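The values are calculated or read from the model by the stated rules, or taken from the named source; none is laboratory data. Given the structure is predicted, the values throughout are model-derived calculations rather than measurements. Here the Cβ is made from the backbone with ideal geometry for all residues, glycine too, and neighbour counts use every protein chain on show. Remember, those area values only see protein heavy atoms, side chains included, never the ligands or the DNA or RNA. Shrake-Rupley method; radii C 1.70, N 1.55, O 1.52, S 1.80 Å.
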Amino acid sequence: MGTRLELDRGSHEHVVQFCGSDDSSLVRNVSEYLSAGILLGQGALIIAGTERSTAFVNELSAISGCNGDQLRKQAGLLDAADTLAAFMRDGWPDPDLFDAVVGSRVRESQQRHGHVRAFGEMVELLWMAGEASAAIELEDLWTRLLEQGNLDLFCSYSIDVFGAQFQAGCLDGLLSTHSRFISGTSDALGAAMERALEEVLGPKFYGLRLLATRTERASWPPMPQLERTVLWLRRYLPRYADEILDKARAYSAA
């Protein structure tokens, strides 16, 4: 499966994961991230839709060993669509309303538990609606809240790493708002990618592999190898990119 999530407990992190259509690694990673805080006595805030919230709570119970009553004491649940609607004005996040709606809940949990770990999918809802600029503005509002201290944030986006949307030009503003990128891809997909690269590019693949490590921009968080390679292909070898990615997807599914 994908990389196991490990966060620096002494820092204030702004984490992002792209999950495509498969939520399984996201549910596991977010639950590990939240449960680590809960076991330390920290607060948790989940801003998600009903299906994901249920999946997180079930996985949290399994990982942490906490019962429902204990989780309810430490973890707050907010509906993502309703919460987003409460601070959006004319298609744009209102800073004062965001602080009143979300900031107040964070501070309330901080008063009770000290540090808080939050998960939010509101930016994902905006992104999926084609409101990329509004999503990045919301990320910036979260960053201001993070800078006040005692808060870590995990965001998700339904972005397929192998899809046409996963290109540097589309993602620069989004990635630049985060401190950590968590891969949602599996080891099998990484191996399939290697196979597809070698098959399509032949001997050139081994020389090009070194170049594929140089795709990150200074404002981005460090990228896992597979994601770096896909971005490099899209940018420098667009002629071969779709063929390679289609083969890799097929090999990983076989």
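For the reader, a short list of remarks on this structure follows.
- In this structure, S104 does not satisfy being open to solvent by less than 60 Å² (accessible area, probe 1.4 Å), in contact (Cβ under 8 Å) with a residue 60 or more places away in the chain and of a type outside the set (A, V, I, L, M, F, W, C).
- Meets criteria (assigned to a helix (DSSP H, G or I), closer than 21 Å to G37 by Cα and not small (G, A, S)) for Q70: yes
- Selection from the range 145-179 of residues that are assigned to a helix (DSSP H, G or I) and farther than 25 Å from G43 by Cα: A168, G169, C170, L171, D172, G173, L174, L175
- Residues of the range 86-101 that are surrounded by fewer than 13 Cβ atoms within 10 Å (Cβ to Cβ) and assigned to a helix (DSSP H, G or I): D96 alone.
- Remark: pairs (first residue in the range 206-227, loosely packed, with under 12 Cβ neighbours inside 10 Å; second residue at pLDDT 65 or above and outside any helix (DSSP H, G or I); Cβ separation under 7 Å; 6+ apart in sequence or on different chains) = S219/S176; P222/F181.
Residue by residue, here is whether (1) touching a helix residue (DSSP H, G or I) at 6+ places or on another chain (Cβ under 7 Å); (2) without any contact (Cβ under 8 Å) to a residue 24 or more places away in the chain; (3) crowded, with 17+ Cβ neighbours inside 10 Å holds:
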{"site": "S109", "(1), (2), (3)": "no, no, yes"}
{"site": "I136", "(1), (2), (3)": "yes, no, yes"}
{"site": "F166", "(1), (2), (3)": "yes, no, yes"}
{"site": "G169", "(1), (2), (3)": "no, yes, no"}
{"site": "D172", "(1), (2), (3)": "no, no, no"}
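- The set of residues in the range 146-158 that are out of contact with any Gly (no Cβ under 7 Å at 6 or more places or on another chain) and open to solvent by less than 20 Å² (accessible area, probe 1.4 Å) comprises L146, G149, L151, D152, F154, S156, Y157.
- Residue match in the range 126-144 (condition: of a type in the set (K, R) and either touching an Asp or Glu at 6+ places or on another chain (Cβ under 6 Å) or not in a helix (DSSP H, G or I) (or both)): no
- Among the residues of the range 61-85, those identified as closer than 15 Å to L126 by Cβ and open to solvent by 60 Å² or more (accessible area, probe 1.4 Å) are D82, A85.
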